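Structure first, commentary second.
The values are calculated or read from the model by the stated rules, or taken from the named source; none is laboratory data. Keep in mind that this is a model prediction, so the values were computed, not measured. Cβ placement follows ideal geometry from the backbone for every residue including glycine, while neighbour counts extend to all protein chains displayed. All accessible areas refer to the heavy atoms of the entire protein, side chains included, with ligands and DNA or RNA removed. Shrake-Rupley method; radii C 1.70, N 1.55, O 1.52, S 1.80 Å.
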Amino acid sequence: QVQLVESGGGLVQAGGSLRLSCAASGSSFSFYAMGWGRQAPGKQREWVARIPSGGGTWYTGSVKGRFTISRDNAKNTVYLQMNSLKPEDTGVYYCNVVADASYWGQGTQVTVSS
C-alpha cells in the first residue's frame with residue numbers, strides 16, 4: 001500500500017517562504033507523475049504543480065514564478081518550494097503520486113497571514 005508522508009506546512013506572513021516535502025513508499029511500481037494540489041476553505045481542490053518522471057514541470061497560473069516543484073527519484077520524494085507567498089495561497093496542500101493508481105496524501109496546512 002502506498003504511503004505518503006507530507007511535511008513542511010505552517011503559518012507564514014505574506015511574502016515569506018515555505019518548503020513542502022512528500023516522501024512516497026510502499027509501491028512495487030515506479031512513481032510516474034508526482035505533484036501537489038491544494039484546497040482553500042470553501043473551494044474545490046485544485047492542482048498546483050506537477051512533475052512527471054521524464055522531466056518537465058507544470059504549474060497553475062497563479063503560482064508561476066513563485067513556486068518550484070522538484071523531485072528526488074532516489075528518495076521517492078517530491079518537494080514544493082513556495083516563495084513570495086500570498087494570503088490566497090492559504091489552504092491544505094496535498095501530495096499526489098501516480099504509480100499503478102493515483103494516490104493522495106493526508107494534507108498539510110499552509111496559512112499565509114496578511
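Arg19 - would you say it is within 13 Å of Gly105 (Cβ to Cβ) and charged (D, E, K, R)?
no
Which of the residues that make up the stretch 10-67 are among the hydroxyl-bearing types (Ser, Thr, Tyr) and in contact with a Phe, Trp or Tyr (Cβ under 7 Å, 6 or more places away or on another chain)? Outline the logic, then answer.
Keep residues of the stretch 10-67 that are among the hydroxyl-bearing types (Ser, Thr, Tyr), which gives 17, 21, 25, 27-28, 30, 32, 53, 57, 59-60, 62.
Once the filter is applied, which keeps residues that are among the hydroxyl-bearing types (Ser, Thr, Tyr) and in contact with a Phe, Trp or Tyr (Cβ under 7 Å, 6 or more places away or on another chain), the stretch 10-67 yields Ser21, Ser53, Tyr59, Thr60.
Could you please find all residues in the stretch 13-69 being more than 13 Å from the chain's Cα centre (by Cα) and buried (at least 19 other Cβ atoms within 10 Å of the Cβ)?
Phe31
Out of all the residues in the stretch 71-91, is one or more in a loop (DSSP other than H, G, I, E, B), in contact with a helix residue (DSSP H, G or I) (Cβ under 9 Å, 6 or more places away or on another chain) and touching a residue at least 60 places away in the same chain (Cβ under 8 Å)? Can you show your working first?
Within the stretch 71-91, the subset in a loop (DSSP other than H, G, I, E, B) is 73-76, 83-86, 90.
Okay, now just the ones that are also in contact with a helix residue (DSSP H, G or I) (Cβ under 9 Å, 6 or more places away or on another chain), so 86.
Retained after the next criterion (residues that are touching a residue at least 60 places away in the same chain (Cβ under 8 Å)): 86.
Yes, the stretch 71-91 contains a residue that is in a loop (DSSP other than H, G, I, E, B), in contact with a helix residue (DSSP H, G or I) (Cβ under 9 Å, 6 or more places away or on another chain) and touching a residue at least 60 places away in the same chain (Cβ under 8 Å).
Within the stretch 1-12, work out how many residues are at pLDDT 95 or above, open to solvent by less than 30 Å² (accessible area, probe 1.4 Å) and assigned to a loop (DSSP other than H, G, I, E, B).
Total meeting the criteria: 0.
Select, from Arg50, Arg38, the only residue that is outside any loop (DSSP other than H, G, I, E, B), more than 15 Å from Thr108 (Cα to Cα), of a type outside the set (A, V, I, L, M, F, W, C) and touching a strand residue (DSSP E or B) at 6+ places or on another chain (Cβ under 9 Å).
Answer to the check: Arg50.
Cβ contacts < 6 Å: first residue over 14 Å from Val48 (Cβ atoms), restricted to the stretch 1-23; second residue surrounded by fewer than 18 Cβ atoms within 10 Å (Cβ to Cβ) and β-branched (Val, Ile, Thr), any location; separation 6+ or different chain. Result?
That search, which allows pairs on different chains as well, returns Leu11/Thr111; Ala23/Val5.
Name the residue that is surrounded by the most Cβ atoms within 10 Å (Cβ to Cβ), counting only residues in the stretch 70-110 that are of a type in the set (D, E, K, R) and at pLDDT below 95.
To start, the set of residues in the stretch 70-110 that are of a type in the set (D, E, K, R) comprises 71-72, 75, 86, 88-89, 100.
Add one more test, that the residue is at pLDDT below 95, and what stays is 71-72, 75, 100.
On the way: Arg71: 22, Asp72: 11, Lys75: 11, Asp100: 11.
For the stretch 70-110, the residue satisfying everything is Arg71.
Suppose the filter is over 12 Å from Asn96 (Cβ atoms) and in contact with a helix residue (DSSP H, G or I) (Cβ under 9 Å, 6 or more places away or on another chain); does Phe67 pass it? If you could, list the steps in order and put the result at the bottom.
Values: over 12 Å from Asn96 (Cβ atoms): yes; in contact with a helix residue (DSSP H, G or I) (Cβ under 9 Å, 6 or more places away or on another chain): yes.
Judged against the criteria, Phe67 is a match.
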